[in-house]
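Peer 1: Supplied in structure tokens, the structure appears directly below.
The values are calculated or read from the model by the stated rules, or taken from the named source; none is laboratory data. Everything quoted here is computed from the prediction, not taken from an experiment. We place every Cβ from the backbone using ideal geometry, glycine too, and count neighbours over all the protein chains shown.
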Amino acid sequence: MAQRLYNRYSMQMAVKACMEKNRSRWAGNPFIPETMDYISVRLRKAQELFDKKEQVSTEGHTLSKNVVLDGIAARAWLMSTRLVVFARKKGLRVLLTEVDHPRSYFERGPEVERIARAAAITEKAEHYLPQLEPYKIRMSDVASLNADIEQVRPLSSERDAVGDEAQQLTNSLPRLLQEVQDKLYELDEEITAFMDEFPDFQDQYFYARRTTDRKATHA
């Protein structure tokens, strides 16, 4: 769909360039200037949307978030492994069932669930923190992991917000270009009806129109 939109836009801009090049031939016509004003305004808006669409991307947000989340998963798994040893040594069966998970438990699944799983591990560690020094779980470890968990939550929200904006742009462009397209069919008729004294101009115009729009015809 993106390529089709860009092809349509390229054709429309080619027609606009042709019209600008031959402005002296149609500027005095009572109908064509109004049609061109309508088209030009919308093509300027389309250019703004294309530019903004290139700027708005979730890729950077996703990459940044994934790097942090992968780090959280690795550290949460290591902390859970140490808690497993602690639970076995202390005979804490309930804790053992709550923290005994394979590495994949933290690495796979929806983002929200992965974040929640890591947070559950730090919560258990906080509860037993005074006893965990021999098991290489220190207050600084828990605090650092919690800080990263809190960091990745807004990254996910920001990525989703950017995705929403990109979707809005994607929805706006087809409508805008269709408005231009509909008006071009009127311009086809006006060029045919009123520019007959400039056959070279007509040929240039319909060549530009036929570049990607086979519906345009020249009688």
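Peer 1: Using the structure shown, decide if Leu78 is assigned by TED's automatic domain parsing to the domain that holds Gln151 and buried (at least 16 other Cβ atoms within 10 Å of the Cβ).
Peer 2: Yes; evaluated as a whole, the condition is true for this residue.
Peer 1: Now for a separate question. If you go through the range 88-96 one residue at a time, do you hit one that is within 25 Å of Gln151 (Cα to Cα) and assigned by TED's automatic domain parsing to the domain that holds Asn66?
Peer 2: No, the range 88-96 contains no residue that is within 25 Å of Gln151 (Cα to Cα) and assigned by TED's automatic domain parsing to the domain that holds Asn66.
Peer 1: What pairs come up if the first residue lies in the range 92-103 and is free of Cβ contacts under 8 Å to residues at least 40 places away in the same chain, the second is among the polar types (S, T, N, Q), and their beta carbons are under 6 Å apart, counting only those six or more places apart or on different chains?
Peer 2: Val99/Ser80; His101/Ser80
Peer 1: While we're here: Name, by its number, the condition in (1) modelled with pLDDT of 80 or more; (2) in a helix (DSSP H, G or I); (3) not aromatic (Phe, Trp, Tyr) that does not hold for Arg153.
Peer 2: Failing condition for Arg153: (1).
Peer 1: Which of the residues that make up the range 171-200 are part of a loop (DSSP other than H, G, I, E, B) and among the charged types (D, E, K, R)?
Peer 2: Correct list: Asp196, Glu197.
Peer 1: Among the numbered conditions (1) within 35 Å of the chain's Cα centre (by Cα); (2) touching a residue at least 24 places away in the same chain (Cβ under 8 Å); (3) under 18 Å from Lys136 (Cα atoms), tell me where Phe106 comes up short.
Peer 2: Condition not satisfied by Phe106: (3).
Peer 1: Only residues in the range 192-207 that are without any contact (Cβ under 8 Å) to a residue 60 or more places away in the chain count as the first member; pair them with residues that are not hydroxyl-bearing (Ser, Thr, Tyr), Cβ under 7 angstrom, at least 6 apart or cross-chain, and list the lot.
Peer 2: Thr192/His218; Thr192/Ala219; Gln202/Ile191; Gln202/Met195; Gln202/His218; Phe206/Ala216; Phe206/His218
Peer 1: Still on this structure, I have one more. I need the helices (runs of 4 or more DSSP H) fully contained in the range 1-98, keeping only those with at least 3 residues that are in contact with a Lys or Arg (Cβ under 9 Å, 6 or more places away or on another chain) and either more than 30 Å from Ala116 (Cα to Cα) or modelled with pLDDT under 85 (or both).
Peer 2: Those helices (runs of 4 or more DSSP H) span 2-21, 32-55, 59-90.
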